[in-house]
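A quick write-up on the structure given underneath.
The values are calculated or read from the model by the stated rules, or taken from the named source; none is laboratory data. The structure presented is a predicted model; accordingly, all values stated were derived computationally and were not measured. Neighbour counts run over all protein chains shown; Cβ positions are idealised from the backbone, glycine included.
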Amino acid sequence: MNKLPKKKTNNFKYFLLSLVAPVVGIVISALLLFFLILLIRKGSISDTLYAFRVMGKTLTSTKDLGYIIARAEPLAISGIAAAIAFRAGVFNIGTEGQYYIGGLVASIYAIYFSIKSPAFHWLNVIFVVLFAMLGGALWALIPAILKMKKGVHEVITTIMMNQIAYTTAKYFVNGPLSGVKVGESLEPKTLDFPPSVTFHKLYDIFHGHFPFPKYIPLYESLFIAAILIFIVYIIIFYTNWGFEIEMLGTNPNAAKYSGVPPRLVVFNAMLWSGAIAGLINLQEIFGIKGYYTHHMTSGLGFDGIAVALIGYNNPIGVVLAALLFGFLRTAGYNLQFELGIPNSTMDLITGFIIIVMVIASVAMNRYISKLRRKEVLSGAGDR
Amino acid sequence: MKKVFTIITVLALVLTLGLVGCGQSQTGNQNSGSQTSGEPKLKVGVVFDIGGRGDKSFNDSAYRGLVKAAKELGGYIKDDPDNVNYGTNIEMKYMEPKQGGSDREQLLRKLAENGYDLVIGVGFAFTDAIKNVANDFPDVHFAIIDSCYSPDDHPANVTCLLFKEQEGSFLVGAIAGYKTETNKIGFIGGMDIPLIRKFMVGYEAGAMYVNPELRKDGAIMTAFVSDDPGQAWNNPPKGKEIAISQYDQGADIIYHAAGGTGMGLFEAALEKDKWAIGVDSDQGLILATSDQEKDREMAKHIITSMLKRVDTAVYTIIKEMYDNGKVEAKVMEFGLKENGVGYAYNDYNKELLDPIKPQVDELKQKIINGEITVPATDDELQQFKAKLGQ
């Protein structure tokens, strides 16, 4: 019993050590960014310093903070979806396709089956969430079955399913669901959703008692994301199922011997990962746009994989990583605006952070396991 | 671990110091984009469509409108590589969406947030984005090129800038009708949408009007690049593929309305030694004066271009905003009469066009006078054709 307090401090130490990789990643990337901007601005130090001031200002301006949260929201959901699968040791890279289909199924509900009375808005929102999850889970079902029954590798199947998802969405938008009116917009899209379904702006909900300007795209979907992350956190750390996933992901053999049914757990993890992925882009579809189109923001699924990676598959880490991405994107627009630095510079930096982090975390993991081994040995010696 | 940290810290310090050291000699000779002297009277923001500046077509035409406004009204273009600067009356700034174009709306917002008085979206793909942003920023005036809204849905702070593309296309169609030797001509459109059909229908009408052989079925081949806006306008390989197939089927002149995809047509024309007609900008002139050998070779195969004077439209709205301080929400149409469309006649295609120029200019006059009404839709084309007879 007297060992407990010591263990706690050790946990804190390990927590600090786990922060090393992200911090190193960010510091080295900032350095790289410095060189890049210097290159783009033809060696002007004053411009480069100004660029960093612009990035700093991103964190102090209220409207930019609003944008950071708004941009982090879909990434956080995407990160959570990827993290659930990763924890179980399955590499679901099909979140990209799953959110296209999740959005599509929810949109079909919104257009044809939703309750038209504004009094039932909340019911509609709940149904939108359920149908989006259903759509995402459906899209994950085929790879999950193939994985469970035949052991087909999920990377192959999910990436194929992504292609099919995009084409399916395109077919529905241009075909049966098409809502393009001649003489109006020429962008392919479905009919507009009824106002009883579209998400309200948080600004309107709080009647102006809201720190961010009205035009910031923050909608009710932020609640959905918050609730989701909370639930996933509870599931992962406080339920048997979360423990089973964890065990299977870290040591499949040990898990099998302690009676965890590996195939079933993987199957469930895939399905839930898909279901959550279905929710990724509700913000854009039901908030910003108010109709469905296959020309919505793409790549959120792949970004989510990076977010999960940087966030160590931990819900809190995922939220922080998503905020980091949101910051980089917002700062990227500011840099493009103020200094004409191409927006893709930020994508490059994001990629660089990931690489450095992965290298750093491999090194750290070795170091940590060495420490642990030492500790166990010395602990044994104490006894 | 401590060692690693020390090494990283030392490295970072050395690098930074080194940079500051060698950078100091260079500071001061760069005019930073952040510094501007004197408050401009008007701030104009433009968001180009995919392809951006340098597409040698649609966006470049809009850019020339900015340059003209800078010259005539005394303004400057911020962060421009060419340093266009004729005074501080008007500040102009342009931005380009990233590949795929999903961030058009965010760029419009960025300009509106930062105090730009007039924000212009270059292209029909901005239709929904402009409407959304215009509702959020009622004090900013917006303009959209090539698209508009139904009257009951028209935001009070948006001006639509439309073109009568069919009229300009009619003239280049007539040129093709005079010039073809095989009596077969082709057309490549970016996307099958009403806007591009205006080009196609006008072209067909002009060709049929001057050359009875082209009234026969199958004499004018038409094709569209893609139904995906991300693919349609910047896909030269696909454009080349379609062009080669049309040349192989006997066409000797092909007209394109497909933005950047048209570069593929020019490559095909060079390869097959046939003719091409450019669109939006004077593409023959742009390529003939390029510093690339291949561009100049391609230019020799461009008879003319259908000019869509996006520059005229952009300049007109900037001037109106500058003179009056505001613009009414309205629809402005630019046709032959307004010098909003036309055909390209320059030093390089002079010899080719001179024999037929009087006839073409006569047609132009007839359209301006209203003697010829150029069809803009398929139905109108059928009526037009019926009137011509076989």
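Hey, could you check the range A:308-332 for residues that are in contact (Cβ under 8 Å) with a residue 60 or more places away in the chain and within 14 Å of chain B (Cβ to nearest Cβ) and say which is nearest to the chain's Cα centre (by Cα)? Among residues in the range A:308-332 that are in contact (Cβ under 8 Å) with a residue 60 or more places away in the chain and within 14 Å of chain B (Cβ to nearest Cβ), the one nearest to the chain's Cα centre (by Cα) is A:Gly326. When you scan the range B:326-344, do you find a residue that is within 18 Å of the chain's Cα centre (by Cα), farther than 23 Å from B:Leu195 by Cα and not aromatic (Phe, Trp, Tyr), even just one? No: the range B:326-344 contains no residue that is within 18 Å of the chain's Cα centre (by Cα), farther than 23 Å from B:Leu195 by Cα and not aromatic (Phe, Trp, Tyr).
Apart from one condition, A:Met296 fits all of (1) within 20 Å of A:Phe131 (Cβ to Cβ); (2) surrounded by fewer than 22 Cβ atoms within 10 Å (Cβ to Cβ); (3) at pLDDT 90 or above; the exception is (3).
Would you confirm, using the coordinates I've provided, whether A:Asn92 is more than 30 Å from A:Tyr203 (Cβ to Cβ) and either away from chain B (no Cβ under 14 Å) or out of contact with any helix residue (DSSP H, G or I) (no Cβ under 6 Å at 6 or more places or on another chain) (or both)? Taking the combined requirement at face value, the residue satisfies it. Taking the range A:33-48 as the range and being loosely packed, with under 15 Cβ neighbours inside 10 Å and either in contact (Cβ under 8 Å) with a residue 60 or more places away in the chain or more than 7 Å from chain B (Cβ to nearest Cβ) (or both) as the test, the residues that pass are A:Phe35, A:Leu39. If I ask for residues that are at the interface with another protein chain (Cβ under 10 Å from one of its Cβ atoms) and either modelled with pLDDT of 90 or more or touching a helix residue (DSSP H, G or I) at 6+ places or on another chain (Cβ under 9 Å) (or both), which ones from the range B:81-93 would you list? Scanning the range B:81-93 gives a single hit, B:Lys93. Summed over the range B:323-345, residues that are farther than 18 Å from B:Val158 by Cβ, outside any loop (DSSP other than H, G, I, E, B) and aromatic (Phe, Trp, Tyr) total 1. Annotation: of all residues in the range A:248-266 being in a helix (DSSP H, G or I) and either β-branched (Val, Ile, Thr) or surrounded by 21 or more Cβ atoms within 10 Å (Cβ to Cβ) (or both), the one that is farthest from the chain's Cα centre (by Cα) is A:Ala255. Reported count of residues in the range B:117-131, each being surrounded by fewer than 23 Cβ atoms within 10 Å (Cβ to Cβ) and more than 8 Å from every other protein chain (Cβ to nearest Cβ), is 2.
Scanning the range A:49-76 for residues that are more than 10 Å from every other protein chain (Cβ to nearest Cβ), of a type in the set (Gly, Ala, Ser) and in contact with a helix residue (DSSP H, G or I) (Cβ under 7 Å, 6 or more places away or on another chain), we see that the one that is nearest to A:Gln336 (Cα to Cα) is A:Ala72.
Just to be sure, is A:Glu284 in contact (Cβ under 8 Å) with a residue 40 or more places away in the chain, part of a helix (DSSP H, G or I), of a type in the set (Asp, Glu) and farther than 24 Å from A:Ile68 by Cβ?
Spelling it out, it is not the case that A:Glu284 is in contact (Cβ under 8 Å) with a residue 40 or more places away in the chain, part of a helix (DSSP H, G or I), of a type in the set (Asp, Glu) and farther than 24 Å from A:Ile68 by Cβ.
May I ask you to verify whether B:Leu107 is more than 14 Å from chain A (Cβ to nearest Cβ), crowded, with 20+ Cβ neighbours inside 10 Å and either closer than 17 Å to B:Thr312 by Cα or at pLDDT 90 or above (or both)?
No; evaluated as a whole, the condition is false for this residue.
Being surrounded by 18 or more Cβ atoms within 10 Å (Cβ to Cβ), within 13 Å of chain B (Cβ to nearest Cβ) and in a helix (DSSP H, G or I) is a condition met by no residue of the range A:370-377.
Here B:Gly389, B:Gly335, B:Gly370 are screened, and the one residue that is at positive phi and modelled with pLDDT of 90 or more is B:Gly370.
Examine the range A:175-189 for a residue that is part of a helix (DSSP H, G or I) and buried (at least 21 other Cβ atoms within 10 Å of the Cβ), and state whether such a residue exists. Among the residues of the range A:175-189, not one is part of a helix (DSSP H, G or I) and buried (at least 21 other Cβ atoms within 10 Å of the Cβ), which makes the answer no.
Tell me which residues, restricted to the range B:232-258, are β-branched (Val, Ile, Thr) and in contact (Cβ under 8 Å) with a residue 40 or more places away in the chain.
Within the range B:232-258, B:Ile242, B:Ile253, B:Ile254 meet the criteria.
Of the candidates A:Leu123, A:Leu134, the single residue that is under 29 Å from A:Tyr219 (Cα atoms), in a helix (DSSP H, G or I) and free of Cβ contacts under 8 Å to residues at least 12 places away in the same chain is A:Leu123. Residues of the range B:337-390 that are under 16 Å from B:Ile303 (Cα atoms) and among the β-branched types (Val, Ile, Thr): B:Ile356, B:Val360.
Run down A:Glu154, A:Glu220 and say which single residue is in contact with a Lys or Arg (Cβ under 7 Å, 6 or more places away or on another chain) and touching a residue at least 40 places away in the same chain (Cβ under 8 Å).
A:Glu154
Return the pairs, sorted by first residue and then second, in which the second residue is assigned to a helix (DSSP H, G or I) and of a type in the set (Ser, Thr, Tyr), the first residue lies in the range B:259-285 and is over 9 Å from B:Ser57 (Cα atoms) and not assigned by TED's automatic domain parsing to the domain that holds B:Gly123, the beta carbons are less than 7 Å apart, and the residues are 6+ apart or on different chains. From the range B:259-285, the pairs are B:Ala268/B:Tyr247; B:Lys272/B:Tyr247; B:Lys274/B:Tyr247.
Name the residues in the range B:224-244 that are within 20 Å of the chain's Cα centre (by Cα) and more than 13 Å from every other protein chain (Cβ to nearest Cβ), would you?
Within the range B:224-244, B:Phe224, B:Val225, B:Asn234, B:Asn235, B:Pro236, B:Pro237, B:Lys238, B:Gly239, B:Lys240 meet the criteria.
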